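Q: This structure is in structure tokens; I'll ask about it shortly.
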Amino acid sequence: MKKPKLIRSAEYDHLGQDRRKLATLQRKGLLVRVRRGIYMDDAEWRTLSGRERYGLRVLTFGQQTEQEPVFCHATAALLWGLWIVGTPQRIHTRTEVTTSGRSSTGVTRHIGSYTESVQRCGPFLVTDKLSTTMQLIDTLAFPYAVAVCDSSLRAPGNSWNRNLFMPPESDPFQHWPAWEPEVPQGLPLTVAQLRAAAASLPSRAAQVRALKVIEFSSALSGSAGESLSRVKMFRLGFPAPVLQETFVLRDGKKAKTDFWFKEKRIVGEFDGLGKYLRANWSGGLSLPDRIIAEKRRENQIRAQGVGFARWDWQDLMDTETFASILRQAGLRQSGLMTGPWGKSRKMP
């Protein structure tokens, strides 16, 4: 997302113009109100994704506060490239105030320091990667906590944008942060770091639950959809798959698969739409060519005596549909597992 062109009603006052014109243009559909007193062109707004729009709301919120806010929880997670499912509905910030009134319209304030475990990301102050990850592990339902933890363990590789996190003295608008990076940002966390942080949680119950998330997590998971799939497989009693198993195709190229059930010789693949839309996927082919290439890849793996099960987000969110897909592929259930996934904690 490029630096947005925002229109502020206070600037209209400074120029001697009537700020009521902005409200009129909004009613006509020419402007969108990003936040109270701040607008932008409707046509430009329509080009933004849901997360980019969320990012603008975060930016304008920060510009209207007396003290520069420290963003945390899901807000910081998006900038770190951690796997949050969907777009957060609320802005999450830290506060050192311990009295009531910590939440307001569209904003949730969490008790925390303005200076400890904080670093700058362009125009934003955010909690560091470890603090952000642990806060989400402690508050999200088990499957979503696993997705966040999986992503925190992943190495960004060569595609990491090393200019994303800049020192405070740099011009923030020259290094505009992304709200939906294709890969996790920054150095990967280690299991040892996560375990140590879990031991510092305030209650024994929170420590035990966090450790269950950490021990279940894997740096080999390729997406939030894969992480949630793995949790649901275990919950439904399906065998534990091998992650990122490599097959050699006829032309000698190697192909990694999401899930490999070796005993049954079955490959499982989560088909999230983002897989086909990522700019760095499949050598920059067009969408139709990517789909054709994926089909050829599957056929070459099938030719090695391998069965396939495929599912998408809609299938995954319907438990019976997901289980049916795996059963029809030849996998057997050993019975429902018990565990921490029964907690009904809301997404941020």
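Any read-out appearing in this document is the output of simple, stated calculations on the displayed coordinates, not a laboratory observation. It should be emphasised that the depicted structure is a prediction, and the values quoted were computed from it without experimental measurement. Cβ placement follows ideal geometry from the backbone for every residue including glycine, while neighbour counts extend to all protein chains displayed.
Q: Any aspartates and glutamates with Cα under 13 Å of the Lys262 Cα? List them, leaving off those in the same chain fewer than 8 positions away.
A: Glu245
Q: Okay, moving on. So for region 181-251, Kirkwood radius off the Cα pairs, Stokes-Einstein at 4 °C and 1.567 mPa s: how many µm² s⁻¹? All intermediate terms of the calculation are to be shown ahead of the outcome.
A: On the way: Rh = 14.6 Å.
Roughly 89 µm²/s, to the nearest whole number.
Q: Okay, moving on. Whole-Hz Karplus ³J(HN,Hα) for region 296-306, in order, using 6.51 cos²θ - 1.76 cosθ + 1.60 and θ = phi - 60°, x for Gly and Pro?
A: 4, 4, 4, 4, 5, 6, 4, 5, 8, x, 10
Q: What's the ranking of 73-83, 201-211, 247-257 by average number of surrounding C-beta atoms within 10 Å, highest first?
A: Working: 73-83: 25.6, 201-211: 14.0, 247-257: 12.1.
Going from most to least packed, we get 73-83, 201-211, 247-257.
Q: Follow-up. Counting other beta carbons within 10 Å of each Cβ, put Met40, Met134, Met317 in order, fewest first. Don't skip to the end; give the middle numbers.
A: On the way: Met40 19, Met134 27, Met317 13.
Sorted ascending by nearby Cβ count, the order is Met317, Met40, Met134.
Q: Here's something else I'd like to know. Hey, any idea what the orientation-averaged projected area of the convex hull of region 1-154's Cα atoms comes to, in nm²?
A: Numbers: hull surface 42.2 nm².
Taking the Cα atoms of region 1-154, their convex hull projects to 10.5 nm² on average.
Q: Okay, moving on. So, how do all the Cα-to-Cα distances of region 1-47 break down into 10 Å bins, in percent, from 0 on up?
A: Per 10 Å bin, starting at zero, the Cα-Cα P(r) for region 1-47 comes out as 29, 55, 16, 0 percent.
Q: Let me ask another. Please list 3J(HN,Hα) in residue order for region 80-86, calculated via the Karplus relation 6.51 cos²θ - 1.76 cosθ + 1.60 where θ = phi - 60°; whole Hz, with x for glycine and proline.
A: 7, x, 6, 7, 9, 7, x
Q: Related question: Could you tell me which of Val267, Ala219, Val248 has its Cα farthest along the dipole of region 202-271 towards the positive end, charges placed at Cβ (Lys, Arg +1; Asp, Glu -1), taken about the Cα centre?
A: Ala219
Q: Once Rh for region 102-158 is found with the Kirkwood sum over Cα pairs, what is the Stokes-Einstein diffusion coefficient at 37 °C and 0.692 mPa s, in µm²/s? Please report the intermediate quantities before stating the final value.
A: Working: Rh = 13.1 Å.
The Stokes-Einstein estimate is 250 µm²/s.
Q: Which pairs in the list Lys212/Lys256; Lys129/Lys212; Lys129/Lys232; Lys254/Lys295; Lys129/Lys254 are over 22 Å apart, alpha-carbon to alpha-carbon? Please list the in-between numbers first.
A: Values: Lys212/Lys256 27 Å; Lys129/Lys212 19 Å; Lys129/Lys232 26 Å; Lys254/Lys295 15 Å; Lys129/Lys254 32 Å.
Beyond 22 Å between Cα atoms: Lys212/Lys256; Lys129/Lys232; Lys129/Lys254.
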